1. What are the residues in the stretch 4-28 that are surrounded by fewer than 17 Cβ atoms within 10 Å (Cβ to Cβ) and within 13 Å of residue 109 (Cα to Cα), if any?
2. So for the stretch 43-51 (the condition being touching a residue at least 24 places away in the same chain (Cβ under 8 Å) and within 11 Å of the ligand (Cβ to nearest atom)), does at least one residue qualify?
3. When the residues of the stretch 29-55 are narrowed to those that are over 18 Å from residue 84 (Cα atoms) and among the aliphatic types (A, V, I, L, M), which ends up surrounded by the most Cβ atoms within 10 Å (Cβ to Cβ)?
4. I'd like the residue in the stretch 58-90 that is touching a residue at least 40 places away in the same chain (Cβ under 8 Å) and in a helix (DSSP H, G or I) and, out of all such residues, is surrounded by the most Cβ atoms within 10 Å (Cβ to Cβ).
5. Take the residues of the stretch 18-42 that are farther than 30 Å from residue 7 by Cβ and in a helix (DSSP H, G or I): which is nearest to the ligand (Cβ to nearest atom)?
6. Can you pull out the residues in the stretch 91-108 that are of a type outside the set (D, E, K, R) and either part of a helix (DSSP H, G or I) or without any contact (Cβ under 8 Å) to a residue 60 or more places away in the chain (or both)?
7. Of the numbered conditions (1) at pLDDT below 95; (2) at negative phi; (3) away from the ligand (no atom under 16 Å from the Cβ), residue 126 fails exactly one; give the number of that condition.
Amino acid sequence: MFFKWSDSYSVKILSVDREHQKLFDIINEFYDQLMTKQAKQLIVETLANLSMYTKTHFRNEELLMQKYGYPKYAEHKTLHEQYVAKIDEYKEKIAANKIVMTHELATFLKDWLLNHVLKIDKQYSSFFDLNIVK
Ligand code: FEO
């Protein structure tokens, strides 16, 4: 397995933690498909799934931030948009044979997400009233 969830990654909001775990599951699936040299079409489908679920997660997180007036909402949303744009760019380039699928690509996706959860998402964890946000 490429990546394993740890409780230390928790942002103390169960629904968000579940979404983060699902994102890492999809990146693990992508990595496994790369390493076992699965068909390009299947790998592109997994990236499309990652893109779709990432957008769903980011939207849910942004709604939460808006609801509670999180002060760093705008800069956080910009980071989300950059990641989604990267995923979509890779998906399109792989589909069009413009880049080679590599281990580095999976590493980028994993490292960006892990860094984001640990350094950016965790900032709102202490902001939210944990008795209200479930
Ligand atoms: Fe959980 Fe800001 O992404």
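The values are calculated or read from the model by the stated rules, or taken from the named source; none is laboratory data. A quick note: this is a predicted structure, and the numbers were derived from the prediction, not measured. A quick note on method: Cβ atoms are made from the backbone with ideal geometry, for glycine too, and the neighbour counts reach across all protein chains shown.
1. 25
2. no
3. Once the filter is applied, the top-ranked residue is 34.
4. Result: 61.
5. 42
6. Those that are of a type outside the set (D, E, K, R) and either part of a helix (DSSP H, G or I) or without any contact (Cβ under 8 Å) to a residue 60 or more places away in the chain (or both): 94, 95, 96, 97, 99, 100, 103, 105, 106, 107, 108.
7. (3)
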